[in-house]
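Worksheet: the structure to be examined is printed underneath.
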């Protein structure tokens, strides 16, 4: 994880979005306290779309974070859907509408 991304020095040098991208490129799995969360999100998303950050890189971060949560017991008791239930939800018209809305927002 990063130190606080809202620190003025790093923000002045790189800007709110670029500091988030550079943190991911440097290996950070968790970005702490970005000054402008929306700019950080948009910049990382843009870097993924441009190929600057790979989807595999993000998958690695998610895997590490979920593994840590599991080891610490933070996922114990979390609801787990069956494969059939997950497929039913993911293929539902409502889910497809929401997924399309998210795609359009990018």
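Determine how many Å³ per residue the convex hull of the Cα atoms of segment 8-78 encloses.
Taking the convex hull of the Cα positions in segment 8-78, it is 105 Å³ per residue.
Just report the Cα centroid separation between segment 20-60 and segment 85-106, whole Å.
Cα centres, segment 20-60 to segment 85-106: 23 Å.
How long is the gain from residue 18 to residue 102 if the chain were fully straight, where each residue apart is worth 0.36 nm and the alpha carbon distance is subtracted?
Residue separation times 0.36 nm, minus the Cα-Cα distance, leaves 28.0 nm.
Pop a pseudo-label 7 angstrom from the Cα along the beta-carbon direction at both residue 85 and residue 42 and give the gap in nm to one decimal.
The two pseudo-label positions are separated by 3.8 nm.
May I have the convex hull volume per residue, in Å³, for the Cα set of segment 49-106?
In segment 49-106, the Cα convex hull volume per residue is 122 Å³.
Only the coordinates and a few stated rules stand behind these numbers; no lab work does. Every value quoted in this text rests on a predicted model; they were computed, and no experiment measured them. All Cβ positions, glycine included, derive from the backbone under ideal geometry; neighbour counts span all protein chains shown.
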